[in-house]
Amino acid sequence: MVKPSNPLGEWLVLSLRSLIPLVIFFISLRFRLTPSPARLFVALSGGETVFGRPFCAEYTLEKEGFGDLLLTVVHPLHLQLLSENDCNNVTVLNDFKYKSIDSELVGVVGCDPWLLKTNSVFVTWHFINGVKEELHYEIVSVPLNDVEGLNSSAITRTSSYFYGKLIARLALIAEEVCFLDVIPKVKKYLKEIIEPWLDGAIKENGFLYDQEWRVVVTKQGCSDSSYDFGSEFYTSRLYHLRYFLDGIVILVNIDPCWGKKYKCRAYSLMQEFMNLSTCSNPNYTHLRCFDLYKFHSWAGGLKEFEKGRYQKGTSEAVIAYYSARLIGLEYGDANVVTTGPTLTALLSIRAQMWWHVREAMNMREENFRPGFWC
């Protein structure tokens, strides 16, 4: 373990190859079968996704071969979001279909680039419609009682997940209903429980940075694969870190000087799951868990799960991107401000289509629909 020369500050840098014994795990590979070059017309060879505009994802497709009409297949959500007005010569082949677990995939010709537009999701510090004044006392009474019991020394959990969940959002509620008396105590409490993690002062646990896989893990997760829900195998990264980010962004809002001091480490936690560019920041992978084809944030890391890539926790993922948006607002980062709500919108509409399945949608086979649950 060595001291890092990167924005992670005093966090230890390590390679898990020396800590983890050889573990056999399984992965899925996709192959593309093409004819000889003499018979090849045009085929997809790669692509790039750009979030240049709010609530819009643009897919630039790389092709090889001869000709301009590229045939691709899209799932129902692509069709729903595909903006025919902004795509060049797009033709949907309704009779060209391929069955998959995500319902039938439909052929599309000539759409390059893809331009997928979703509805706007407004992410702000406060309720859009405000809070009724007659409800202020009822709302205040709950956090007021909680604030009286705040005691950082009473926290006994050392798991990054459960410790993070204890980081309160009381200050935001208090500010919303103009009950500012509780904010100083909440501020003190948040500092006492967040700073040791950011400073590497937690004896029992703490954040580590793995150079090989470019990921933040926990000290206890490296020594025990069952601890922190499989941090050793990079499982559920988004859900662990979002709780810390919730508390951090509130502190940044309350105390800008504190936010300036810890900006690099706040960004490190955010970019662990929402790095927008590997060119400007090679410390983390691009968007980590977010699947740019299915519009879902996977919880699975290297470990194999019974049900695919551990597709769970849409609500926690949504809040993570919500917190990232607030980080962008506090630090004046336009790219984060734009991308956070866009990912939130894509996650939400994806959950509505494939997780909130209605009987009338006929998306699944007959023997699969009864009792369907995710």
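Any read-out appearing in this document is the output of simple, stated calculations on the displayed coordinates, not a laboratory observation. Here the structure is a predicted model, which is why all the values come from computation and not from measurement. Don't worry about glycine lacking a Cβ; one is built from the backbone with ideal geometry, like all the others, and counts go over all protein chains shown.
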Exercise for the section: Measure up Lys263/Lys294; Lys132/Lys261; Lys63/Lys117 against 27 Å on the Cα-Cα distance and list the ones that go over. Expected result: Lys263/Lys294; Lys132/Lys261
Handout entry: Under the Karplus curve 6.51 cos²θ - 1.76 cosθ + 1.60, θ = phi - 60°, whole-Hz ³J(HN,Hα) for the stretch 213-218, x wherever Gly or Pro sits
Key = 9, 6, 8, 8, 10, 10
Handout entry: Asn129-Glu192 pseudo-label distance in nm [points 7 Å out on the Cα-to-Cβ vector]
Key = 3.8 nm
Fill in the blank from the handout: Expected unfolding gain across His356-Glu104 under the 0.36 nm per residue rule, minus the alpha-carbon gap, is 89.0 nm
Practice task
Please give the peptides 43-55, 184-196 ranked by average Cβ packing (other Cβ atoms within 10 Å per residue), highest first, as a rough proxy for protection.
Solution key: 184-196, 43-55
Practice task
Please give, to one decimal in nm, the separation of the simple spin-label points placed at His286 and Lys260, each 7 Å out from Cα toward the Cβ.
Solution key: 3.5 nm
Completion exercise
Once both label points are put 7 Å beyond Cα along the C-beta direction, the Asp181-Leu71 separation in nm becomes 7.2 nm
Exercise for the section: Let me know the shape class of the stretch 44-117, please: from the alpha-carbon gyration tensor, a ≥ b ≥ c as square roots of the eigenvalues, rounded when a/c is under 1.5, otherwise prolate if a/b is greater than b/c, or oblate. Expected result: oblate
